[in-house]
Amino acid sequence: MSRYAHITGWGAYAPPRVVTNDDLSHLVPTTDEWIRDRTGIVERHIADEGEYTSTLGIRAGQRALEVAGLDPAKLDLVICATSTPDYLMPNTASLIQDGLGASRAAAFDLNAACSGFVYALSVGAGMIRSGTYDSVLVVGAESMSRVMDWTDRSTCVLFGDGAGAVVLQGSDRPGGVLACEMGSDGSGGDLLTVGLGTRNPMTQDTLAAGDTFLKMNGQQVFRFATRILAESTRNVVGKAGLELADIDLIIPHQANTRIIEAAARKMDVPAERLFCNLDRYGNTSAASVPLALVDAIDAGRVRAGDHIVMVGFGGGLTWGACLVEWSISPRDRAWPLWWRGVQWTRYRLAGAKSFLHRADRRLATIGSRVRRREHERDNGTPDAHAPRAERNGPANGRVNGRL
Ligand code: ACO
């Protein structure tokens, strides 16, 4: 029997601090008028100290699980689409998995820049359709403000921070994610970069050269974006055996209203059929599509039975689209207060459990150190069972971690 992957929960979170175009005009030589006219952006949310990609993702994930009415411990997998992870390691999805108390779930990050959420949705739906997993949380979360050069007016006015998430669940009932398509053209990788990585580790030189910040060839990306948005939408609609006229709503990556309007003209669909909330969030990269999806649901633009296309494009260059037959009436997802109380308690317990696991590991480490010291004191020789690094001393024959 065929399995189908349905979106049963959704949630979004944007940090409370709002930065307007006027605020930015005090920082770089720009104006509210220029930013509105050229991009459509009016304001964006910026993460404060103590807020990270993972914490934004946890808040969005909690809301999505609440709407789905799903115990986090029942999740099989957490995928976090991000290009601004908390760390290179551990992955942000594992931090989200821990923060949610999704104790049975596997977790991995997926980096396809602004196409990341659509890629992750496609992977999650594929896992469900293949029968590998039954419940998957797909998160798009970004702290773009942390990779901005706040002296570069051509980029810093464009981006914002936020997160969105959906719960995918398997069912024998037809519908849900009907078709996906993904693509990449690595020859355009240099058009949009955040250079920090193993090829370009953080040193005084790379910091001084600004290589750790986002850099973009805006005009080239603009040209690519208007073409690929229309192309990818057409492709996924064709794959599902539908026509553009069958699509009730298109949720494009929110980079620039001019890109969205140009794509609408190319596809010959009314501009109102492409959802746009860019004015309030700016470009939140992998978070933009789920943030827009949740806003569209809240605005009453999504009903059970609708055909919806989510389409992304961005660094890589990458692009992708998913066509969803929406199967849940958003009105049926208003759970009673007591149920939300249960979820809230689960999240608090998840925090306590995580704390206890960490404390348990720390105690185990202290215990083994004490036993080793006792062994050395009693026998006068290092414990042969101690980790080799500890027996050989801290540097272990290497200087500065280099061979
Ligand atoms: N305020 C005032 N003037 C500005 C600003 C600013 N914030 N930024 C640039 N300008 C100036 C430029 O210096 C230039 O001045 P000049 O003519 O004297 O040299 C002038 O405005 C025009 O600059 P352009 O770059 O030609 O402006 P354009 O109309 O192309 O708009 C923009 C720039 C908004 C970046 C546009 O190219 C764009 O939206 N590109 C696509 C970005 C995108 O889609 N990114 C998505 C991928 S995101 C991801 O994957 C992470």
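The values are calculated or read from the model by the stated rules, or taken from the named source; none is laboratory data. These numbers come from a predicted model, not from an experiment. Here the Cβ positions follow ideal geometry from the backbone for every residue, glycine too, while neighbour counts run over all protein chains shown.
Taking GLU49 as meeting all but one of (1) within 16 Å of the ligand (Cβ to nearest atom); (2) surrounded by fewer than 15 Cβ atoms within 10 Å (Cβ to Cβ), write down the number of the exception.
Every listed condition holds for GLU49 apart from (1).
Just the residues that are hydrophobic (A, V, I, L, M, F, W, C) and outside any helix (DSSP H, G or I), please, taken from the stretch 91-105.
Passing the criteria: ALA102, ALA105.
Scan the stretch 197-223 and report the pairs whose first residue is acidic (Asp, Glu) and whose second residue is away from the ligand (no atom under 15 Å from the Cβ), with Cβ atoms within less than 8 Å and a gap of 6+ or a chain change.
Short answer, once both residue conditions are applied: ASP211/ASN200.
Look at LEU75 and say whether it is in contact (Cβ under 8 Å) with a residue 24 or more places away in the chain, more than 16 Å from the ligand (Cβ to nearest atom) and in the same structural domain as ALA287 (by TED's automatic domain parsing).
Here the answer is yes, as LEU75 does meet what is asked.
If you take the residues in the stretch 190-236 that are over 27 Å from LEU274 (Cα atoms) and part of a helix (DSSP H, G or I), which one is farthest from the ligand (Cβ to nearest atom)?
Filtering the stretch 190-236 for residues that are over 27 Å from LEU274 (Cα atoms) and part of a helix (DSSP H, G or I), the one farthest from the ligand (Cβ to nearest atom) comes out as GLN204.
From (1) more than 16 Å from the ligand (Cβ to nearest atom); (2) within 21 Å of ALA286 (Cα to Cα); (3) in a loop (DSSP other than H, G, I, E, B), pick out the condition that doesn't hold for TRP10.
Here TRP10 clears every test but (3).
Give the residue that is surrounded by the most Cβ atoms within 10 Å (Cβ to Cβ), with candidates limited to residues of the stretch 134-162 that are small (Gly, Ala, Ser) and within 16 Å of the ligand (Cβ to nearest atom).
ALA141
Exactly one of these conditions fails for GLY131: (1) within 16 Å of the ligand (Cβ to nearest atom); (2) on the phi > 0 side of the Ramachandran plot. Give me its number.
Failing condition for GLY131: (1).
If you check every pair at least six apart or on different chains, which have Cβ atoms under 7 Å apart with a residue in the stretch 1-13 that is closer than 18 Å to GLY131 by Cβ first and a residue that is of a type in the set (S, T, N, Q) and at pLDDT 95 or above second?
TYR4/SER171; HIS6/GLN169; HIS6/SER171; THR8/GLN169
Pairs only if they're at least six apart or on different chains, beta carbon under 6 angstrom, first in the stretch 148-160 and among the polar types (S, T, N, Q), second outside any loop (DSSP other than H, G, I, E, B) and within 9 Å of the ligand (Cβ to nearest atom); list them, first residue then second.
THR155/LEU214; THR155/MET216
Of these, ALA165, ALA107, ALA125, which one is closer than 18 Å to LEU70 by Cβ, in the same structural domain as LEU323 (by TED's automatic domain parsing), touching a Pro at 6+ places or on another chain (Cβ under 8 Å) and buried (at least 19 other Cβ atoms within 10 Å of the Cβ)?
Going through ALA165, ALA107, ALA125 in turn, just one is closer than 18 Å to LEU70 by Cβ, in the same structural domain as LEU323 (by TED's automatic domain parsing), touching a Pro at 6+ places or on another chain (Cβ under 8 Å) and buried (at least 19 other Cβ atoms within 10 Å of the Cβ): ALA165.
Can you tell me which residues in the stretch 140-168 are at pLDDT below 95 and under 30 Å from SER327 (Cβ atoms)?
Answer for the stretch 140-168, where residues must be at pLDDT below 95 and under 30 Å from SER327 (Cβ atoms): there is none.
Of all residues in the stretch 89-100, which are in contact (Cβ under 8 Å) with a residue 60 or more places away in the chain and of a type outside the set (Asp, Glu)?
Passing the criteria: GLY99, LEU100.
Filter the stretch 106-122 down to the residues that are in a helix (DSSP H, G or I), of a type outside the set (A, V, I, L, M, F, W, C) and either out of contact with any helix residue (DSSP H, G or I) (no Cβ under 7 Å at 6 or more places or on another chain) or free of Cβ contacts under 8 Å to residues at least 24 places away in the same chain (or both) and list them by number.
SER115, TYR119, SER122
Look at the stretch 116-155 and say how many of its residues are among the small types (Gly, Ala, Ser) and over 10 Å from the mean Cα position of the chain (by Cα).
Number of matching residues: 9.
Would you be able to say whether some residue in the stretch 168-183 is within 12 Å of the ligand (Cβ to nearest atom), surrounded by fewer than 24 Cβ atoms within 10 Å (Cβ to Cβ) and not in a helix (DSSP H, G or I)?
No, that holds for no residue.
Just one of ILE260, ILE251 is within 16 Å of the ligand (Cβ to nearest atom), surrounded by 21 or more Cβ atoms within 10 Å (Cβ to Cβ), assigned to a strand (DSSP E or B) and in contact (Cβ under 8 Å) with a residue 12 or more places away in the chain; which is it?
None of the others qualify; the one that does is ILE251.
Please go through the stretch 21-40 and pick out each residue that is under 26 Å from the mean Cα position of the chain (by Cα) and more than 7 Å from the ligand (Cβ to nearest atom).
ASN21, LEU24, ARG36, GLY40
Okay, residues lined up against (1) away from the ligand (no atom under 16 Å from the Cβ); (2) crowded, with 24+ Cβ neighbours inside 10 Å:
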site	(1), (2)
ASN277	no, no
TYR281	no, yes
ALA287	no, yes
LEU291	no, yes
ALA299	yes, no
GLY305	yes, no
VAL311	no, yes
GLY314	no, yes
